[in-house]
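Heads up, the thing below is written out as C-alpha cells.
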Ligand SMILES: Cc1cc2nc3c(=O)[nH]c(=O)nc-3n(C[C@H](O)[C@H](O)[C@H](O)COP(=O)(O)OP(=O)(O)OC[C@H]3O[C@@H](n4cnc5c(N)ncnc54)[C@H](O)[C@@H]3O)c2cc1C
C-alpha cells in the first residue's frame, strides 16, 4: 500500500510516547483521522501514581510476558470493594511502577520535549508529580483526539478487500473495550502506533526455591513495580535484587530506614551508587538459592557460597517484559518478552510498516526519542519519506542480531548510541520531501537534535545526579548543571 494513502491512524496509549505521536501526526496535516485509545482516565502513562494493590499480588517468580498484572487479583479486589460498597476505581486497575519519592534520573534540560522546557522554578531533577503536570500541559492540544477509559484488546491485520466483507478498506482492525459500558467496539485503521509502554509486565526470575520461600513468608517478596515508599522496610533486613537505575534509587530510599547494611545483589557491579552508600549498603553476589524454611531461617545462598539468613524483605528490581498481548499477528512481535521482533530501526514493523513501536530502546532519553520517532513516523506515513525495501530492513535486523544476540541487548542503547540514534532520527525526519503549500513551514514539526553541549551533559549525568544528591535537601534549589560545578566550556578545553 502506498503510504500516501494512509488516512486513519490509531494510537494505543496516551503516555509520553502516545501524546508525542499524536502531536506530530496531527501537525503533519496529512491524515483524516487520528484516534488515541487510553485505558486510563488521564494522559501521562507511568507518571500517574497509583496504588499497588494488584502489583503486590504478582506471581513469584513471574516469567510470562503476557501476564496481565492483577488479573486474578482484580476480581478479589472488586469483590472486597463491592462488599464495602465503595465501588472500584478503574484507573487504579492499571497500576504503574511510579513511587512516592521518585525524582527524575535525567536533568530536566535533557528530558524535555523539543519546544516545551520544564518550568524554570523546577529543580534540575523534577519530582514525578511535576513530570505528570508537564505531560498534561504538553498533551493539552491533542486531548480532543484521546478516548479515555478505552482499552485496546485486539489489533488484527485485515488483508486488502477484507476477510469477512465488513472491512473492505481497513488495514488494521482495532477492538476496544469501553470501560464505562463494558462494550466492545471494532474500528478500522490504515496504520497503528503501538505506544503502550514497556513498564507493565514485571519479570521476576526463577531462582531455586524462590516460589516455596515466598509462600512460606507471605508478603516478604515484591517486584519494584509494587514499591511505593520505604516506610514498610523500617528496621528490616532487606535485599534489593538488580543493578538498574530503579534498583539503585529504591535501594537508596530503603537504605535510609532499613537495618544496615542494605544488601544489594547483582551479577555485575552497580553502575549507580549514591554518595554515602558505603555507610549503609553492601554489594553482594547473585542469589543462587532460596533455602528451605525447614532448615534455615529466611535464608539465601549466594554465588560465592555465603549464606544470609533472617531476611525480612526482598525487592526484585529485575525489569519488565516487552508485551503486546493485544497484537494478533503472525509471527508474533513478542515471544519470550526479551525483545520485539521484526522491527527496523527500533521503530517500524518490517513486514507491516504501518505498525510503529515508539521507545522500544532502553537507556535512551524517552521524551525526545519519542518525539523524533514520531516526526519520522508522520513523514513515512504521509509519503514524505520512504522506507527501504523489505530485504534491506531485514538485513538491518539480521546485522543487529549478529552483533547483539537474540535478547534484550537488541534494544539497549548505552551512551553514545542513544545520542547517535536521537540525531539519526532527527536527520532522517529533516531529509523528508518538503510539504507543498505550507509556505515557510515546509519542513513540518521537528524534534530535538543534540549538539555537543547536550551530548556532554548526557555523558556526565550519572556524575551530575551524584553531585545533586550530595546537596541533600538543598538539591531542590539547584536548577542547572553549572550550579553543581559542571562546565561545558571548561570540559571542552580539557579535550584538547
Ligand atoms: C520507575 C520509573 C522511573 C522512570 N524515570 C524516568 C525519568 O526520570 N525520566 C524519563 O524520561 N523517563 C523515565 N522513565 C521512563 C518512562 O517510561 C518514560 O518516561 C515514559 O513514561 C515512556 O512513555 P510511554 O508512553 O512509552 O509509556 P508509558 O508511560 O508506559 O505509557 C503507556 C500508556 O499506554 C496505555 N496503554 C497500555 N496498554 C494499553 C491498551 N491495551 N489500551 C489502551 N491503552 C493502553 C497505558 O495506560 C499508558 O498510559 C521511568 C520509568 C519508570 C518505570
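The values are calculated or read from the model by the stated rules, or taken from the named source; none is laboratory data. Source: prediction; values computed, not measured. Methodologically, a virtual Cβ is constructed for each residue, glycine included, from the backbone with ideal geometry; neighbour enumeration extends over all protein chains shown.
Going through the stretch 26-42 one residue at a time, which ones are assigned to a loop (DSSP other than H, G, I, E, B) and either within 11 Å of the ligand (Cβ to nearest atom) or buried (at least 18 other Cβ atoms within 10 Å of the Cβ) (or both)?
Looking only at the stretch 26-42, we keep the residues that are assigned to a loop (DSSP other than H, G, I, E, B), and these are 28-32, 39-42.
Hits for the stretch 26-42 are 28, 30, 39, 40, 41, 42.
If you scan the stretch 337-383, which residues turn out to be outside any helix (DSSP H, G or I) and closer than 21 Å to residue 458 by Cβ? Quick ask: steps written out before the conclusion?
Residues of the stretch 337-383 that are outside any helix (DSSP H, G or I), as a first pass: 337-365, 383.
Matches in the stretch 337-383: 345, 346, 347, 358, 359, 360, 361, 362, 363, 364, 365.
Checking residue 45 against (1) closer than 21 Å to residue 326 by Cα; (2) modelled with pLDDT of 95 or more; (3) within 16 Å of the ligand (Cβ to nearest atom); (4) surrounded by fewer than 19 Cβ atoms within 10 Å (Cβ to Cβ), which single condition isn't satisfied?
(4)
Please go through the stretch 1-25 and pick out each residue that is surrounded by fewer than 24 Cβ atoms within 10 Å (Cβ to Cβ) and more than 26 Å from residue 179 (Cα to Cα).
Within the stretch 1-25, 1, 2, 3, 4, 5, 6, 7 qualify.
Limited to the stretch 264-282, what total is found for residues that are at pLDDT 90 or above and either under 23 Å from residue 320 (Cβ atoms) or part of a helix (DSSP H, G or I) (or both)?
Let us first name the residues in the stretch 264-282 that are at pLDDT 90 or above, namely 264-266, 281-282.
Subset that is either under 23 Å from residue 320 (Cβ atoms) or part of a helix (DSSP H, G or I) (or both): 264-266.
Residues meeting the conditions: 3.
Suppose we keep only residues that are part of a loop (DSSP other than H, G, I, E, B) and within 14 Å of the ligand (Cβ to nearest atom) within the stretch 231-258. Which one would you say is surrounded by the fewest Cβ atoms within 10 Å (Cβ to Cβ)?
Taking the stretch 231-258 and keeping what is part of a loop (DSSP other than H, G, I, E, B), we get 234-237, 242-244, 255-258.
Filter once more, keeping what is within 14 Å of the ligand (Cβ to nearest atom): 242, 244.
Values: 242: 23, 244: 18.
The selected residue is 244.
Among all residue pairs at least 6 apart or on different chains, which show Cβ distances below 6 Å where the first residue, located in the stretch 90-112, is more than 18 Å from residue 457 (Cα to Cα) and within 9 Å of the ligand (Cβ to nearest atom) and the second is at pLDDT 95 or above and in a helix (DSSP H, G or I)?
Filtered contacts from the stretch 90-112: 96/46; 97/225; 98/46; 98/128; 102/128.
Kindly evaluate residue 310 against the criterion of being out of contact with any strand residue (DSSP E or B) (no Cβ under 9 Å at 6 or more places or on another chain) and within 15 Å of the ligand (Cβ to nearest atom).
Numbers: out of contact with any strand residue (DSSP E or B) (no Cβ under 9 Å at 6 or more places or on another chain): yes; within 15 Å of the ligand (Cβ to nearest atom): no.
Taking the combined requirement at face value, the residue does not satisfy it.
Find all pairs meeting these conditions: Cβ atoms under 9 angstrom apart; at least six residues apart or on different chains; first residue within the stretch 237-258 and more than 14 Å from residue 280 (Cα to Cα); second residue in a helix (DSSP H, G or I).
Cβ pairs passing all conditions: 241/247; 242/224; 242/248; 242/250; 242/251; 244/224; 246/224; 247/224.
Determine if the stretch 204-220 includes at least one residue that is surrounded by 15 or more Cβ atoms within 10 Å (Cβ to Cβ), within 16 Å of the ligand (Cβ to nearest atom) and without any contact (Cβ under 8 Å) to a residue 60 or more places away in the chain.
The answer is no; no qualifying residue exists.
Taking the stated definitions as given, is residue 342 more than 16 Å from the ligand (Cβ to nearest atom) and either surrounded by fewer than 17 Cβ atoms within 10 Å (Cβ to Cβ) or over 24 Å from the mean Cα position of the chain (by Cα) (or both)? Working first, answer last.
Values: more than 16 Å from the ligand (Cβ to nearest atom): yes; either surrounded by fewer than 17 Cβ atoms within 10 Å (Cβ to Cβ) or over 24 Å from the mean Cα position of the chain (by Cα) (or both): no.
No, not satisfied.
Could you please find all residues in the stretch 48-59 being within 16 Å of the ligand (Cβ to nearest atom) and in a loop (DSSP other than H, G, I, E, B)?
Across the stretch 48-59, the qualifying residues are 48, 49, 50, 51, 52, 54, 58.
From 228, 184, which residue is assigned to a loop (DSSP other than H, G, I, E, B), within 14 Å of the ligand (Cβ to nearest atom) and out of contact with any helix residue (DSSP H, G or I) (no Cβ under 7 Å at 6 or more places or on another chain)? Quick ask: steps written out before the conclusion?
Details: 184 fails: assigned to a loop (DSSP other than H, G, I, E, B).
Checking each option against the conditions leaves just 228.
If residue 132 meets every condition in (1) at pLDDT 95 or above; (2) more than 16 Å from the ligand (Cβ to nearest atom); (3) buried (at least 18 other Cβ atoms within 10 Å of the Cβ) apart from one, which number is that one?
(2)
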